[in-house]
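Asker: Just passing along the structure, written as structure tokens.
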Amino acid sequence: MNKFYFLVIIIQTLFNLSFADELKSIFPENGKSICDHGNKLPKLTKGEREKTKSMLMKKCLKDDAVACLTLGMLYIFDEKNEKKGISFFQKSCQLGEKEGCFHFALKLSKLNPIKSQMLLSSNCQLGHIKSCRRVAENFNRQKNREKAQYFYQLSCEKNDLKSCYKLAMLEPNLDKRINLLKNNCENRHLLSCRASDVLHQKFNAISGDR
């Protein structure tokens, strides 16, 4: 599927965009598919694509944060225009859209890693799970276990199973690590189930040798 159509579907699914009905009014048949039929979306004509972008631009200029975010994604992934994409991510972030801040921070990671990390940390404190996980991953790569555990804990508390798994694997106490993995396994995180089984066998072997 063309990334343009994929992005429209994903953004609408994630954010329940208010311009769903407007898409239908621009191109009724395709608009219905965008809003109601997932990956069965037919290809948009060049005219339909430009109308959609124009509509998003008008909304972004009126400070619609999600429209700005969507434009940022379209410019980066569909048109390969990093400069414009980043500017729309930044505006979306300034308007309070946490997903916009997340993508803006990711784009800053090479240009200004300190600012990127600060933005991700602030976004995490506002409840954005992916930002918490990314900050934790950054600290983990830097071998800063204490801070990595702190941010993994924040996202784990919001039921992010990937973060719960990472948090468990950073636990130095084997018994505690197994219990954390078991809890995550009960929430159907398969990797935690496998790791729990392996560590449980190891724990029993160590206990048996004593």
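Asker: If you go through the stretch 106-136 one residue at a time, how many are surrounded by fewer than 17 Cβ atoms within 10 Å (Cβ to Cβ) and of a type outside the set (A, V, I, L, M, F, W, C)?
Answerer: Going through the stretch 106-136 one residue at a time, the tally reaches 8.
Asker: Would you check which residues across the stretch 77-119 are within 16 Å of the chain's Cα centre (by Cα) and farther than 28 Å from PHE151 by Cα and list them?
Answerer: The one that is within 16 Å of the chain's Cα centre (by Cα) and farther than 28 Å from PHE151 by Cα: PHE77.
Asker: Among the residues that make up the stretch 37-47, is at least one of them surrounded by 17 or more Cβ atoms within 10 Å (Cβ to Cβ), outside any loop (DSSP other than H, G, I, E, B) and at pLDDT below 80?
Answerer: Looking for residues that are surrounded by 17 or more Cβ atoms within 10 Å (Cβ to Cβ), outside any loop (DSSP other than H, G, I, E, B) and at pLDDT below 80, one finds none in the stretch 37-47, hence no.
Asker: May I ask you to verify whether GLY85 is part of a loop (DSSP other than H, G, I, E, B) and either crowded, with 23+ Cβ neighbours inside 10 Å or without any contact (Cβ under 8 Å) to a residue 60 or more places away in the chain (or both)?
Answerer: Answer is no for this residue.
Asker: Within the stretch 54-66, is even one residue polar (S, T, N, Q), part of a loop (DSSP other than H, G, I, E, B) and free of Cβ contacts under 8 Å to residues at least 24 places away in the same chain?
Answerer: Checked the stretch 54-66: no residue is polar (S, T, N, Q), part of a loop (DSSP other than H, G, I, E, B) and free of Cβ contacts under 8 Å to residues at least 24 places away in the same chain.
Asker: Something else now. Which condition number does LYS110 fail, the rest of (1) out of contact with any Leu (no Cβ under 7 Å at 6 or more places or on another chain); (2) within 24 Å of CYS60 (Cα to Cα); (3) outside the structural domain of ASN159 (by TED's automatic domain parsing) being met?
Answerer: The number of the failed condition is (2).
Asker: Can you tell which of LEU167, LEU119 is in a helix (DSSP H, G or I), over 28 Å from HIS189 (Cα atoms), touching a Cys at 6+ places or on another chain (Cβ under 9 Å) and hydrophobic (A, V, I, L, M, F, W, C)?
Answerer: On inspection, the qualifying residue turns out to be LEU119.
Asker: Here's another thing I want to ask about it. Among the listed residues GLN142, GLN125, GLN153, GLN90, identify the single one that is farther than 28 Å from LEU181 by Cα and either touching a residue at least 40 places away in the same chain (Cβ under 8 Å) or not basic (Lys, Arg) (or both).
Answerer: None of the other options fit; the residue is GLN90.
The values are calculated or read from the model by the stated rules, or taken from the named source; none is laboratory data. It should be emphasised that the depicted structure is a prediction, and the values quoted were computed from it without experimental measurement. Please note: Cβ atoms are built from the backbone with ideal geometry, for glycine as well, and neighbour counts cover all protein chains shown.
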